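The values are calculated or read from the model by the stated rules, or taken from the named source; none is laboratory data. It should be emphasised that the depicted structure is a prediction, and the values quoted were computed from it without experimental measurement. Using ideal geometry, Cβ is built from the backbone for each residue, glycine included, and neighbour counts are taken over all protein chains shown. For the accessible areas, the whole protein counts, side chains as well, though only heavy atoms, and no ligand, DNA or RNA atoms are used. Shrake-Rupley method; radii C 1.70, N 1.55, O 1.52, S 1.80 Å.
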Amino acid sequence: MMNALMDNVQGFGVSSTKYLQTNYKDAQGLFLWVSWAADLRNTFFIFFPLWFHLRASVGIKLIWVAVIGDWLNLVFKWILFGERPYWWVHETAHYADAVRPHIEQYPMTCETGPGSPSGHAMGAAGVYYTLVTSILAIATSKKSSGKDWYLKAALWTVFCGVQVCVCLSRVFIAAHFPHQVITGVITGVIVAEAFNRTQWIYNASMKKYFYTTLFLISFAVGLYVLLKALGVDLLWTLEKAQKWCVRPEWVHLDTTPFASLLRNMGTLFGLGLGLHSPLYTESKRSRSAVVKAGCVISSLVLLHLFDSFKPPTHTAALFYLLSFCKSATVPLVTVSIIPYCVSRALSGHNKKGL
């Protein structure tokens, strides 16, 4: 009975994808852009450096919400065994003798992990919820005024608009069913709200960063090994992606569960290294508006160039190792090296001017 219910739910999802692709084909470019923009990579390369230099606590919270949220997303996916529309529609017995709907695929369709809950929806909900609540906390920390509700209404309207766009985008490209994106939004908000009530992350020691990273990696790998020993292959979706994706080059190694795990753990570990670097301690002494502006611009430009480096994919182990190192470098450079260099350069320029 449960299988029949899930078939009906997923059949409705495929119909939704077919409806969007048929009636909103002209919006294809917008939907693809939204899926790209909702990727957590943009949180690490854009939102984090921008907010860290404007208000460090917001930047730190963004990293924790994104990393822990995506780690939980991985665990949920391994437990829930969610299908994805682009392969389910070819394998299900739901349609029996009826004609199977034809749904289009796009370069971002062929993700290789399980589908539930949606990582893009969960990540976008967590990140934007964190941004909205942080901005409101900053704005209302001063004397409250009767105009606060305008700001609240505007920000929450933007938040809802973003979530709707992300959800529609993931359904449109046949990467997720509607129930998976809705679940992603709900869990993302829960994670963000949990970190709104958490204070220790702002003063966490390097030892705590190290042990947290080690625990999260060990738990995920341990779960994989345990279920593997019980005869459950958690990489069962990789074969389906390779079989049913219409273009083999659309199946990317960086969408696999372990690539996501090591990318996130590298980011968290790199944040700890950056916050406890002597360079960060020294650069904090001279955080004028000019230095902050210089750090924001330098970080965005340098990280954009750095993001163009793609680890080689011919060896999975090497790819995972380099992905971890690349991800750790992003917050390390943003938090310590760039502020130190910018503050030294500007202080040297001011001395010459005198």
**OP:** Select from the range 161-170 the residues that are open to solvent by 10 Å² or more (accessible area, probe 1.4 Å) and aliphatic (A, V, I, L, M) and write down the one among them that is nearest to SER116 (Cα to Cα).
**Re:** LEU168
Subject >> Residue satisfying condition, being out of contact with any helix residue (DSSP H, G or I) (no Cβ under 6 Å at 6 or more places or on another chain), among the aromatic types (Phe, Trp, Tyr) and more than 24 Å from CYS160 (Cβ to Cβ), within set PHE81, PHE45, PHE52, PHE12 >> reply: PHE81
**OP:** Kindly list, by first and then second residue, each pair from a residue in the range 167-185 that is within 16 Å of ALA124 (Cα to Cα) and free of Cβ contacts under 8 Å to residues at least 60 places away in the same chain to a residue that is open to solvent by less than 10 Å² (accessible area, probe 1.4 Å) and of a type in the set (A, V, I, L, M, F, W, C), limited to pairs with Cβ atoms under 7 Å and residues at least 6 apart or on different chains.
**Re:** CYS167/ALA121; CYS167/VAL181
Subject >> Condition check for VAL158: within 19 Å of the chain's Cα centre (by Cα), at pLDDT 95 or above and surrounded by 16 or more Cβ atoms within 10 Å (Cβ to Cβ) >> reply: no
Subject >> Matching option when the condition is outside any loop (DSSP other than H, G, I, E, B) and farther than 25 Å from GLN10 by Cα, among GLY266, GLY184 >> reply: GLY266
Original post:
Given (1) touching a helix residue (DSSP H, G or I) at 6+ places or on another chain (Cβ under 8 Å); (2) open to solvent by 70 Å² or more (accessible area, probe 1.4 Å); (3) part of a helix (DSSP H, G or I), where does PHE309 come up short, assuming only one miss?
Top reply: (3)
Subject >> Filter result for the condition that a residue is open to solvent by less than 20 Å² (accessible area, probe 1.4 Å) and either under 16 Å from the mean Cα position of the chain (by Cα) or over 23 Å from SER35 (Cα atoms) (or both), over ALA153, ALA174, ALA137, ALA125 >> reply: ALA125
**OP:** With respect to GLY13, determine if the residue is assigned to a helix (DSSP H, G or I) and out of contact with any strand residue (DSSP E or B) (no Cβ under 8 Å at 6 or more places or on another chain).
**Re:** yes
Original post:
Is it true that CYS295 is assigned to a helix (DSSP H, G or I), at pLDDT 90 or above and open to solvent by 70 Å² or more (accessible area, probe 1.4 Å)?
Top reply: no
**OP:** Please verify whether the range 277-290 includes one or more residues that are crowded, with 16+ Cβ neighbours inside 10 Å and either under 16 Å from LYS77 (Cα atoms) or within 23 Å of the chain's Cα centre (by Cα) (or both).
**Re:** no
Subject >> Residues that are over 17 Å from ALA259 (Cα atoms) and either in contact with a His (Cβ under 7 Å, 6 or more places away or on another chain) or in contact (Cβ under 8 Å) with a residue 24 or more places away in the chain (or both), drawn from the range 213-239 >> reply: LEU227
Original post:
Applying the selection to the range 31-68, what residues are out of contact with any Phe, Trp or Tyr (no Cβ under 6 Å at 6 or more places or on another chain), open to solvent by less than 10 Å² (accessible area, probe 1.4 Å) and more than 16 Å from THR329 (Cα to Cα)?
Top reply: SER35, HIS53, ALA66
**OP:** Kindly provide the set of residues from the range 69-112 that are open to solvent by less than 20 Å² (accessible area, probe 1.4 Å), assigned to a helix (DSSP H, G or I) and among the hydrophobic types (A, V, I, L, M, F, W, C), ordered by number.
**Re:** LEU74, VAL75, TRP78, TRP87, TRP88, VAL89
**OP:** Consider LEU261 carefully, then state whether it is open to solvent by 40 Å² or more (accessible area, probe 1.4 Å), in contact with a helix residue (DSSP H, G or I) (Cβ under 7 Å, 6 or more places away or on another chain) and not aromatic (Phe, Trp, Tyr).
**Re:** no
Original post:
Does any residue in the range 242-268 that is over 18 Å from LEU223 (Cα atoms) come within less than 7 Å, Cβ to Cβ, of a residue that is open to solvent by 60 Å² or more (accessible area, probe 1.4 Å) and among the hydrophobic types (A, V, I, L, M, F, W, C) six or more places away or on a different chain, and which pairs are these?
Top reply: GLY266/CYS325
**OP:** Specify the residue that is farthest from ASN42 (Cα to Cα); the eligible residues are those in the range 312-325 that are touching a residue at least 40 places away in the same chain (Cβ under 8 Å), open to solvent by less than 60 Å² (accessible area, probe 1.4 Å) and not aromatic (Phe, Trp, Tyr).
**Re:** ALA316
